[in-house]
Each structure stands twice: as C-alpha cells, then as structure tokens.
Amino acid sequence: MSGMEIKMQTKSQNTADQFNFDQFQFGVKATDHILVARYREGEWQSAAIQPFEHLSISPLAMCLHYGQTVFEGLKAYKQVNGELSIFRLDRHYERMNESLQRMAMPNVPEELFKDGIIKLVELEKEWISDREGYSLYIRPFMIATEERLGVSISKEYLFMVVCTPMAAYYAKPLKVKVERQYTRAAKGGVGAAKNGGNYGAAYYPANLAQQEGFDQVIWTDAETHNYVEESGTMNLMFIVDGVLLTPPTGETILSGVTRDSLIQIAKDFGWQVEVRPISLDEIKQAFDIGKKVEAFGVGTAAVVAPFELIQLDKVNYQPYVGDDAQMYQLKQKLTAIRSGAEEDTYGWSFKPITNCYSDAGKMS
Ligand SMILES: Cc1ncc(COP(=O)(O)O)c(C=O)c1O
C-alpha cells in the first residue's frame, strides 16, 4: 500500500488516567484507539486509527465459520529513560506474514503493520504505567470477512491492532504434565502459525490437565509422543548440567521471539546451547542419574516460567527452581534489555520517537 495513508481519527481525551493500574485483569480493557484496515478485490483499500468500538460484521463472515484468523502478540515499554520502545517489531512483522501465508491470507504490507503500530503506541503511551515491569500489550490480528457460506479462500479481510495495558508478570513455578495422548500440531499442519484454531484446539486437553491439578501440559510430537515440543502457549527449554537444550522450531513448533532472544543471550553468556530434538527418555534419564535439570516455558508474557514439577507417565520429577537457577539469569538479562536498564546491543528495542518521529506524534 505504498503511499496509502493511515487516517487518524483520534479521541479528544485519553482515558488512561481513569484506569485502575493497581488492580486489573490482563486483556479485558482495550485502550482508547484501534487500527482498522480493509482488504478487498486484491488490495488494501483503507486504513484508519479510530476510537475503539465494537465491530459490525455479517454472520456470514467467513472467519466465523472456517477459521481464517491470524494474530500476533508483542509489547511496548516505557524505558527507564522515558523513551518508548517496541520489542522486536521486525520479527513480529515477519512472523505475522509467515502465519498469514500458511492460512492462505494476504500479507500485511510492512508500512501498514509497522507504521500503524508505531502511531497507535505513540497515541496510547499514557496506558503504559510508570510502575516497574508494566508495559503495553499490542495485538495485531486479521480475520476473513467475505460474506459467503462457501468453503473457499475469503476475498475480503480486516487487519486490526488493539492494545491493552499489562502489569508486571510474576511467573510462579508451574506444575506441568507431559501430554502423550492429545496433539497440538502435526507435521504438515498449522502448528507454526499463530492461527486461532491452534489455540481453540488446545483448550480441551489443557483443561483435562487442569482438572488433575496441573497448570499446563507439555506437548509432544504427533507421531511418537516421545519428543517434547512446547508447553501451553510457550516454547520449551531445559538446562541440564549447565547446557541449554531446546527443540528446533519448524512445522510443529512456533518460532517464538522470546526463545530466539534467549538463545542469543545464552550464547553470549558463553553457555553451551543445543537446539535439537529432545526425547522424553533423555529427560527421564537426566533426572534418574541425578543431573541438575531446570525446565521452563518461554514467551512474551512471562519471559521465563519455571516448572517445579513435571509429571511423565504418572511419575513426578522435580526440576530445580532455586533462586540461583540459571534460567533467572536469562530472564534478568532480557527484562533489562526490554526496559532499557541494560544496553540493547542486539538492536531489538525499536524506538518510535527517536527513529521515526521528528517530534512526538508526527512522522518525519
Ligand atoms: C504456541 C506458542 N508458542 C510459543 C509462544 C511464545 O512466542 P513469543 O516468545 O513470540 O511470545 C507463543 C506466544 O506467542 C505461542 O502462542
């Protein structure tokens, strides 16, 4: 959509000052504005940042029936020096389009995704509390809107971006169960895409595990159920006797931005990092012969979510979660980079104002 303008219809007053930042549930309150862009007849027709309001779509809209939906999740921070930053905007943009391609949906143009998010975040910066660890969660998403009860690729789409305030996230150690019956993703399927159906399909097994007292499941591969893949909606890592292990992303494992960032940090710490298939036999054996095992999920929300218990074929194993666990060094470093407390030598923190604006709110 080169040259296509994002129209700005802003509210005269931001309502962030009326929001209770001391007590709220994540994801329930949207900020004041939404970006909405329409695609039809093979091109992006219009884009606007406008006051947040409910959508009106036809009950025949294809997304309601056949699941052509894709989303992303990223965060903006108020850095310790007061600058705004958006974490790894480029990578989230690429991944959005990777997901869209798999779902036979049109790509979002770079300008629309990036400039749209930058303008929206700039407009909603009052929603990032000064409290330590708070941020703004950004949710770009796209849905098929053609009105037709026919199983075919939609010709019309809405791309939208909403934001919601986010508090500091304390990840209490989790109890997880290795899932060997149900499958999250199979080779050739859509597991690597952030498509809504993947999440809906995971609720039932996750709920069964919760009824048994677990917080989450560890997903295993569809063919043998003997190789670990992800945990809940996080990528999975182990540190076994100081070596960081994580399965490779690909058709069945989402290419997590946090995972990628932590791998780079671990390598720069000088740690040994092995990205390779990890079997349950290997994990079992590590526990059985008394190796020190840390196990944790990694993702945008928690950064690192430690596991204090892993149940595997009815046997409980206890990974190490002591204060000196190595995983906390990874978490500390990434958190410090995201907040600007430590220098970002990776170029991950995108600074809208310094990079793109001549003065606040105006594209240079
Ligand atoms: C299935 C799944 N795996 C892993 C992740 C972690 O990815 P990221 O680090 O990009 O948040 C997410 C969260 O987006 C996810 O939904």
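If you go through segment 322-350 and keep only what is hydrophobic (A, V, I, L, M, F, W, C), surrounded by fewer than 18 Cβ atoms within 10 Å (Cβ to Cβ) and in contact with an Asp or Glu (Cβ under 9 Å, 6 or more places away or on another chain), you end up with just Ala336.
Here the condition is being under 22 Å from the mean Cα position of the chain (by Cα) and within 30 Å of Gly191 (Cα to Cα); of Tyr77, Tyr39, it holds for Tyr77 alone. Set side by side, the residues Ala295, Ala286, Ala305 differ, and just one is crowded, with 19+ Cβ neighbours inside 10 Å, more than 29 Å from the chain's Cα centre (by Cα) and outside any loop (DSSP other than H, G, I, E, B), which is Ala286.
Whether any residue in segment 85-99 is assigned by TED's automatic domain parsing to the domain that holds Cys163, in a strand (DSSP E or B) and away from the ligand (no atom under 15 Å from the Cβ) is what I want to check.
Scanning segment 85-99 turns up at least one residue that is assigned by TED's automatic domain parsing to the domain that holds Cys163, in a strand (DSSP E or B) and away from the ligand (no atom under 15 Å from the Cβ).
Of all residues in segment 25-55, those being in a loop (DSSP other than H, G, I, E, B), more than 16 Å from the ligand (Cβ to nearest atom) and either touching a strand residue (DSSP E or B) at 6+ places or on another chain (Cβ under 9 Å) or at pLDDT below 95 (or both) number 10. Only one of Gly242, Gly270, Gly250 is away from the ligand (no atom under 12 Å from the Cβ), touching a residue at least 12 places away in the same chain (Cβ under 8 Å) and within 16 Å of Tyr328 (Cα to Cα). Can you tell me which? Of the residues listed, the single one that is away from the ligand (no atom under 12 Å from the Cβ), touching a residue at least 12 places away in the same chain (Cβ under 8 Å) and within 16 Å of Tyr328 (Cα to Cα) is Gly242.
Within the option set Lys119, Lys177, being of a type outside the set (Phe, Trp, Tyr), at pLDDT 95 or above and part of a helix (DSSP H, G or I) holds for one residue only, Lys119.
Name the one entry in Gly188, Gly196 that is assigned by TED's automatic domain parsing to the domain that holds Glu229 and touching a strand residue (DSSP E or B) at 6+ places or on another chain (Cβ under 8 Å).
Testing whether each residue is assigned by TED's automatic domain parsing to the domain that holds Glu229 and touching a strand residue (DSSP E or B) at 6+ places or on another chain (Cβ under 8 Å) leaves just Gly196.
Within segment 122-153, take every residue that is assigned to a loop (DSSP other than H, G, I, E, B) and basic (Lys, Arg) and give me the one that is farthest from Asn195 (Cα to Cα). Filtering first and then ranking leaves Arg131. Of the residues making up segment 216-253, those that are under 17 Å from Gly191 (Cα atoms), assigned to a loop (DSSP other than H, G, I, E, B) and in contact with a strand residue (DSSP E or B) (Cβ under 7 Å, 6 or more places away or on another chain) are Asp221, Gly232, Thr233, Pro247, Pro248, Thr252, Ile253. Being among the hydrophobic types (A, V, I, L, M, F, W, C), within 16 Å of the ligand (Cβ to nearest atom) and either touching a helix residue (DSSP H, G or I) at 6+ places or on another chain (Cβ under 6 Å) or at positive phi (or both) is the filter here, so list the residues in segment 285-306 that pass it. The answer is Phe296, Val298, Val303, Val304.
Yes/no per residue for (1) of a type in the set (Lys, Arg); (2) within 16 Å of the ligand (Cβ to nearest atom):
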| residue | (1), (2) |
| --- | --- |
| Arg139 | yes, yes |
| Met142 | no, yes |
| Met166 | no, yes |
| Lys175 | yes, no |
| Gln181 | no, no |
| Arg184 | yes, yes |
| Ala192 | no, yes |
| Gly196 | no, yes |
| Gly200 | no, yes |
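Residue-level check: of (1) away from the ligand (no atom under 14 Å from the Cβ); (2) touching a strand residue (DSSP E or B) at 6+ places or on another chain (Cβ under 7 Å); (3) modelled with pLDDT under 95, Ala171 misses just (1).
The values are calculated or read from the model by the stated rules, or taken from the named source; none is laboratory data. Since we're looking at a predicted model, the values are computed, not measured. Methodologically, a virtual Cβ is constructed for each residue, glycine included, from the backbone with ideal geometry; neighbour enumeration extends over all protein chains shown.
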